[in-house]
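The values are calculated or read from the model by the stated rules, or taken from the named source; none is laboratory data. Note that this is a predicted model, so its numbers are computed, not measured. Cβ placement follows ideal geometry from the backbone for every residue including glycine, while neighbour counts extend to all protein chains displayed.
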């Protein structure tokens with residue numbers, strides 16, 4: 001019996017245009033059988049939260065390389081909470097100093113993927129998270 | 001190449017005759033029979049196929065048989081002479097070392113001013129400015145979209161007042177400055193010229209480089225504001241202004257760096273960058289500029305990635321292609337237009353967050369390729385760049401890496417040390433041929449702007465980048481410390497950006513808006529708006545607005561009102 005596909009929103013918040021990582025992840029998750037929606041560049045946290053509601057996704061994957069994660073992630077998590085989307089799993093990839101990780105986990109970012117993470121690892125972790 | 005790439009049905013004849021089938025000499029045949037074959041029978045090679053980091057196949061051995069038809073005087077030539085394979089100056093780094101130009105910028109103007117002065121005191125020979133994302137996107141520091149981004153990826157510059165602080169006590173008459181700014185390049189350049197004027201520096205003598213390469217923004221880095229047509233108009237406005245007012249300033253740095261960072265192959269980097277260059281030349285000529293009047297002010301910027309010989313071949317091929325295109329396509333008569341001058345930066349995307357001290361070694365090898373490839377200036381990345389902007393400690397090692405190459409290794413003692421190598425010459429020929437194939441494909445699409453609008457270069461890069469990731473994930477390509485030779489290590493001490501920058505910038509902007517003449521600003525912005533609706537050169541209007549302390553955001557908004565903004569169709 002076909003299982004329901006995991007729905008993922010890949011989003012690039014902030015002003016940065018470096019989308020190599022976001023595009024690779026979008027394609028790798030799609031190749032792994034997930035349904036992937038890519039928002040395109042320069043999405044505000046409001047736009048991302050609305051897209052997550054509209055598309056009824058299980059996972060939001062954020063790509064941030066600009067150093068703005070400490071501002072953008074808490075904003076998004078608050079908006080998701082306000083929209084009753086607390087059950088969506090939010091993961092983050094990009095240039096993230098280790099010292100910032102505890103605070104990001106505290107606001108509810110489920111996983112933080114640093115440069116060098118393989119796409120298989122990301123696929124596996126998402127599968128594990130969503131199976132729960 | 002992907003299937004999607006076959007957008008053109010028109011076949012184009014290769015620019016160079018395809019290399020004749022190899023005809024090994026009797027001695028080579030004997031070697032294959034008597035020496036090679038028994039070895040392979042006993043010990044097969046490590047891999048079935050050897051490829052560059054770009055996936056380009058590399059043979060076991062290169063011999064004179066690979067260069068049949070190749071003529072040293074014609075194809076290699078002599079340094080400082082066409083086709084410039086060996087470099088653009090007759091004495092190259094014996095005459096003058098490359099400019100050691102470290103890209104720096106963070107926080108507010110005063111923070112970066114301090115780093116600039118530190119780097120100059122350490123023996124750096126040119127400045128290079130990194131701007132933060134709000135500045136790159138034409139927003140002031142207090143714009144709502146700037147929240148969280150002010151001073152993070154570079155220095156925050158919202159007005160001439162910030163620019164005055166950035167270059168405080170740095171005499172612009174004596175230092176060359178590169179500015180990595182694209183969509184708002186005309187505005188930032190006007191600010192720089194206003195500071196130079198205030199310092200009493202002669203515009204005819206000041207020198208530096210404006211990145212100003214909007215095409216690669218649509219292709220790779222994606223920091224665009226306006227649609228392609230008005231963006232190209234602004235670029236040509238700066239060319240025209242530069243020809244008249246600042247003859248020593250490079251009004252553009254046509255950049256492959258970002259194309260490569262986005263995941264392209266070396267051949268794609270070379271081809272798309274040079275085709276961008278040709279596009280600028282064509283738009284300049286369409287404006288009515290004489291080719292030899294403005295092309296000497298065009299400069300280039302390439303990546304230095306891990307694959308040592310592929311990179312060296314890329315730089316050598318770049319010079320040969322540019323010379324050929326200038327002479328054959330545009331009938332240029334000035335050697336100053338023929339010689340491709342370039343800056344190099346080592347590959348940020350090759351650096352690893354894991355075992356970051358290994359990045360010093362990667363950077364050194366990449367820098368060596370750039371030097372052997374005949375670069376005019378060089379930025380070496382710092383070891384901590386997969387984590388954050390560099391600390392002073394890391395930035396100093398990066399600069400020292402260049403000084404060690406320049407003064408200790410001996411590679412600067414001779415010109416084009418690898419010239420005549422069977423391998424390097426063959427690879428140079430092949431990389432050149434591969435680039436011409438792409439260039440002609442883009443010609444057939446109607447030029448680079450048309451190709452971008454069809455998503456062609458974007459799709460080619462995206463395919464290459466995914467292909468590479470798959471190879472890394474399958475361990476077909478090894479990255480030390482990432483997918484092999486993995487160990488656990490202690491976290492690095494990294495640069496913390498002062499969180500008060502945004503507040504400081506906000507205060508400064510409030511003060512500026514209160515103190516300047518609002519009427520004057522409004523008048524000059526309205527003049528700019530009106531000029532933008534017509535066809536006049538916008539530089540004088542932008543310069544006027546800048547001098548009234550109109551902010552970057554206000555000036556870019558005035559043009560947004562006329563030009564509109566650009567949204568790309570995302571390709572995944």
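So, in segment B:253-273, exactly how many residues are within 14 Å of residue B:214 (Cα to Cα) and either outside any loop (DSSP other than H, G, I, E, B) or at pLDDT below 95 (or both)?
Step one: list which residues in segment B:253-273 are within 14 Å of residue B:214 (Cα to Cα), which gives B:253-259, B:272-273.
When the remaining residues are screened for being either outside any loop (DSSP other than H, G, I, E, B) or at pLDDT below 95 (or both), the result is B:253-255, B:257-259, B:272-273.
Qualifying residue count for the region: 8.
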Identity of the residue in segment B:198-256, out of contact with any helix residue (DSSP H, G or I) (no Cβ under 9 Å at 6 or more places or on another chain) and without any contact (Cβ under 8 Å) to a residue 40 or more places away in the chain, that ends up nearest to residue B:179 (Cα to Cα):
B:199
For residue B:138: the one exception among (1) in contact with a helix residue (DSSP H, G or I) (Cβ under 7 Å, 6 or more places away or on another chain); (2) more than 14 Å from chain A (Cβ to nearest Cβ); (3) farther than 23 Å from residue B:368 by Cα
(2)
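What are the residues in segment B:450-479 that are away from every other protein chain (no Cβ under 11 Å) and either surrounded by fewer than 22 Cβ atoms within 10 Å (Cβ to Cβ) or at pLDDT below 95 (or both), if any? Spell out the reasoning first.
First, the residues of segment B:450-479 that are away from every other protein chain (no Cβ under 11 Å): B:450-457, B:460, B:471, B:476-478.
Selection gives B:450, B:453, B:454, B:455, B:471, B:476, B:477, B:478.
Just checking, how many residues over segment B:404-414 are surrounded by 15 or more Cβ atoms within 10 Å (Cβ to Cβ) and touching a residue at least 60 places away in the same chain (Cβ under 8 Å)? Before the answer, list the steps.
Going residue by residue through segment B:404-414, those that are surrounded by 15 or more Cβ atoms within 10 Å (Cβ to Cβ) are B:405-406, B:412.
This time we only want the ones that are touching a residue at least 60 places away in the same chain (Cβ under 8 Å), so: B:406, B:412.
The qualifying residues number 2.
Conditions tested, residue by residue: (1) touching a helix residue (DSSP H, G or I) at 6+ places or on another chain (Cβ under 9 Å); (2) closer than 21 Å to residue B:325 by Cβ; (3) crowded, with 20+ Cβ neighbours inside 10 Å; (4) touching a residue at least 60 places away in the same chain (Cβ under 8 Å).
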site: B:70; (1), (2), (3), (4): yes, yes, no, yes
site: B:75; (1), (2), (3), (4): yes, yes, no, yes
site: B:78; (1), (2), (3), (4): no, yes, no, no
site: B:82; (1), (2), (3), (4): yes, yes, no, yes
site: B:85; (1), (2), (3), (4): yes, yes, yes, yes
site: B:89; (1), (2), (3), (4): yes, yes, no, no
site: B:95; (1), (2), (3), (4): no, no, no, no
site: B:109; (1), (2), (3), (4): yes, no, yes, no
site: B:112; (1), (2), (3), (4): yes, no, yes, no
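Just checking, does segment B:480-492 include any residue being more than 28 Å from residue B:396 (Cβ to Cβ), touching a residue at least 40 places away in the same chain (Cβ under 8 Å), within 12 Å of another protein chain (Cβ to nearest Cβ) and in a loop (DSSP other than H, G, I, E, B)? Outline the logic, then answer.
Taking segment B:480-492 and keeping what is more than 28 Å from residue B:396 (Cβ to Cβ), we get B:483-484, B:486.
Subsequent filtering for residues that are touching a residue at least 40 places away in the same chain (Cβ under 8 Å) retains B:486.
Applying the additional criterion that residues be within 12 Å of another protein chain (Cβ to nearest Cβ) yields B:486.
Right, trim to in a loop (DSSP other than H, G, I, E, B) and you get B:486.
Checked segment B:480-492: at least one residue is more than 28 Å from residue B:396 (Cβ to Cβ), touching a residue at least 40 places away in the same chain (Cβ under 8 Å), within 12 Å of another protein chain (Cβ to nearest Cβ) and in a loop (DSSP other than H, G, I, E, B).
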Single match in B:502, B:444, B:435 (criterion: in contact with a helix residue (DSSP H, G or I) (Cβ under 9 Å, 6 or more places away or on another chain) and farther than 30 Å from residue B:111 by Cα):
B:435
Mind checking whether some residue in segment B:164-180 is touching a residue at least 24 places away in the same chain (Cβ under 8 Å) and within 14 Å of chain A (Cβ to nearest Cβ)?
yes
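Scan segment B:104-112 and tell me whether some residue there is in a loop (DSSP other than H, G, I, E, B), within 30 Å of residue A:76 (Cβ to Cβ) and away from every other protein chain (no Cβ under 14 Å).
Looking for residues that are in a loop (DSSP other than H, G, I, E, B), within 30 Å of residue A:76 (Cβ to Cβ) and away from every other protein chain (no Cβ under 14 Å), one finds at least one in segment B:104-112, hence yes.
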Across segment A:2-29, what is the number of residues that are more than 8 Å from chain B (Cβ to nearest Cβ) and either more than 20 Å from residue A:50 (Cα to Cα) or assigned to a loop (DSSP other than H, G, I, E, B) (or both)?
9
